[in-house]
Amino acid sequence: MKILVACEESQTITKELRKLGHEAYSNDVDECSGGLHSIHLQMDCFDAIKFFDKWDMIIMHPPCTAMTVSGNSTYGLNKDGTPKPKHNERVKAVKWTQDLWNLATSVCDKVAMENPVGVLNTMGDFPKANYIQPYQFGHMEQKKTGLWLHGLEPLKATNDVYEDMMKLPKKERERLHYMSPGPERTRMRSKTFAGIAEAIAWQWAGQI
């Protein structure tokens, strides 16, 4: 399968798909940190979708800062319905993401989009999100993540370690939430967990 993993500079999912024999390409406006520069489309994700005549699958990780519920205090609305300081940025972000989703689903039969818990289903025209947690795929951490799917089945848990994880201190099992502010925080929080990447590759693409 020819697969695009858009907005993924880490190449975590791309590498798992490549292991199974697929022609997978990562994409981001930044240079990849995964090391496979020859299969990284460093360009706008809209241009990457149009790069080849046909993709068999498109997996996307669009920017989420303005759309998450954790940003409601800055990007949301006041109780009286008036906009908060950065609400217009949220409106623009949802519109941009909607355009990206519409383009991908118009040219490809299998599309997945990943984003944290946010406002996409209340402000946009998207299918109902399927939510997963890292602990369902062998990681002793919590980070609820939504998957919006077109032509793909919801991911099935592969190694649920919830009970063991809950024995850990809250700050340890929610490590990403408690990370100190800094230039690497956004990048680290956006990286796909290895167990989830492996499940995506096997369950949505399979081995050739």
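Which of the residues that make up segment 1-30 are aliphatic (A, V, I, L, M) and either in contact (Cβ under 8 Å) with a residue 60 or more places away in the chain or in a strand (DSSP E or B) (or both)?
Met1, Ile3, Leu4, Val5, Ala6, Ile13, Leu17, Leu20, Ala24
For every residue, the table says whether it meets (1) touching a His at 6+ places or on another chain (Cβ under 8 Å); (2) of a type in the set (Asp, Glu); (3) surrounded by 14 or more Cβ atoms within 10 Å (Cβ to Cβ).
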{"residue": "Cys32", "(1), (2), (3)": "yes, no, yes"}
{"residue": "Ile39", "(1), (2), (3)": "no, no, yes"}
{"residue": "Met60", "(1), (2), (3)": "no, no, yes"}
{"residue": "Cys64", "(1), (2), (3)": "no, no, yes"}
{"residue": "Asn78", "(1), (2), (3)": "no, no, no"}
{"residue": "Trp96", "(1), (2), (3)": "no, no, yes"}
{"residue": "Asp99", "(1), (2), (3)": "no, yes, no"}
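Kindly indicate the residue of segment 121-180 that is β-branched (Val, Ile, Thr) and modelled with pLDDT of 95 or more and also nearest to Pro62 (Cα to Cα) among those meeting that condition.
Among those that are β-branched (Val, Ile, Thr) and modelled with pLDDT of 95 or more, it is Ile132.
Out of Lys110, Lys92, Lys128, which single residue is over 14 Å from the mean Cα position of the chain (by Cα) and either surrounded by 15 or more Cβ atoms within 10 Å (Cβ to Cβ) or among the hydroxyl-bearing types (Ser, Thr, Tyr) (or both)?
Lys110
Need at least 3 residues that are free of Cβ contacts under 8 Å to residues at least 40 places away in the same chain per element, so show me which strands (runs of 3 or more DSSP E) inside segment 90-163 make the cut, counting only ones lying wholly within it.
Once the strands (runs of 3 or more DSSP E) in segment 90-163 are filtered for at least 3 residues that are free of Cβ contacts under 8 Å to residues at least 40 places away in the same chain, what remains is 145-150.
Does segment 47-65 contain any residue that is among the small types (Gly, Ala, Ser) and within 17 Å of Ile13 (Cα to Cα)?
yes
Is it fair to say Asp53 is loosely packed, with under 14 Cβ neighbours inside 10 Å and either in contact with an Asp or Glu (Cβ under 7 Å, 6 or more places away or on another chain) or under 30 Å from Ile3 (Cα atoms) (or both)?
yes
When segment 39-97 is examined, which residues are found to be in contact with a strand residue (DSSP E or B) (Cβ under 9 Å, 6 or more places away or on another chain), charged (D, E, K, R) and farther than 25 Å from His150 by Cα?
Correct list: Lys84 only.
Conditions first: (1) under 29 Å from Lys54 (Cα atoms); (2) at pLDDT 90 or above. Ile208 passes all but one, so which condition is the exception?
Here Ile208 clears every test but (2).
The values are calculated or read from the model by the stated rules, or taken from the named source; none is laboratory data. Keep in mind it's a predicted model, so treat the numbers as computed, not measured. Methodologically, a virtual Cβ is constructed for each residue, glycine included, from the backbone with ideal geometry; neighbour enumeration extends over all protein chains shown.
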